[in-house]
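The values are calculated or read from the model by the stated rules, or taken from the named source; none is laboratory data. Since the structure is predicted, the reported quantities are computational estimates derived from the model, not experimental observations. Cβ: placed from backbone, ideal geometry, glycine included. Neighbour counts: every protein chain shown.
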Amino acid sequence: MSTRRDFLAVASTSFFAATRLRYVSSTAAPKAIGPYSQAVKAGNVLYASGQIALDPATGNLVAGDFTAQARRVFENLKAVLAEAGADFRNVVKATVYLADLTNFQTLNSIYTEFFGESKPARSTIGVAALPRGAAVEIDLIAVL
C-alpha cells in the first residue's frame, strides 16, 4: 500500500466485509414510520431505532397520559430486543427524548420497572416536538 488512502480503503472494506449487518424486525413492535429499520445488528451490537408510543396493531399513538405512552415505548423496545435475542440487561446506552422535561421523574419510575438493577449509560434530552405528537421517544444500543 503506497498511501494512507490506499490503506484506509482496504481497512474499511475489510471491516465492513467482516461485519455483516442484520436488520431486525418484530411484529410485536410497530413498523417503522420512515425509511429505517426497527433495529440493526452489526456484529454483536444492536442499534435499536427510536420508538414512540405507537400501538403495533393499529400504528396509531396510544391514548392516555405520559405514563401510558412511556409504557408502550418500553413494550415496543422490549419486543425489538427480544427479536434480536436480547433484553434490557443487554442495553449499554439509552437515549431518551422528552417533549416535556417535567415528566422526568415519571419516566425514571417506569424506566426502573423495565431495567430493574441494570443501569446502562443514558442521556435524556428535552425536545420541542416528537413525531406524531408523542411525549417520549427512546433509542437503545445493546451488546449481544
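See the values below:
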read-out: Qualifying residue in region 98-105 (condition: of a type in the set (D, E, K, R) and either more than 29 Å from R22 (Cβ to Cβ) or in contact with a Pro (Cβ under 8 Å, 6 or more places away or on another chain) (or both)); value: yes
read-out: Filter result (touching a residue at least 24 places away in the same chain (Cβ under 8 Å) and either assigned to a loop (DSSP other than H, G, I, E, B) or surrounded by fewer than 22 Cβ atoms within 10 Å (Cβ to Cβ) (or both)) within region 25-40; value: S25, S26, T27, A28, A29, P30, K31, I33, Q38
read-out: Flag if E117 is surrounded by 16 or more Cβ atoms within 10 Å (Cβ to Cβ) and at pLDDT 95 or above; value: no
read-out: Qualifying residue in region 59-67 (condition: at pLDDT 95 or above and part of a helix (DSSP H, G or I)); value: yes
read-out: Residue that is nearest to A39 (Cα to Cα) [pool: residues in region 72-128 that are basic (K, R) and free of Cβ contacts under 8 Å to residues at least 24 places away in the same chain]; value: R72
read-out: Hits in region 68-89 - residues which are crowded, with 17+ Cβ neighbours inside 10 Å and either of a type in the set (S, T, N, Q) or assigned to a loop (DSSP other than H, G, I, E, B) (or both); value: Q69, N76, A84, A86
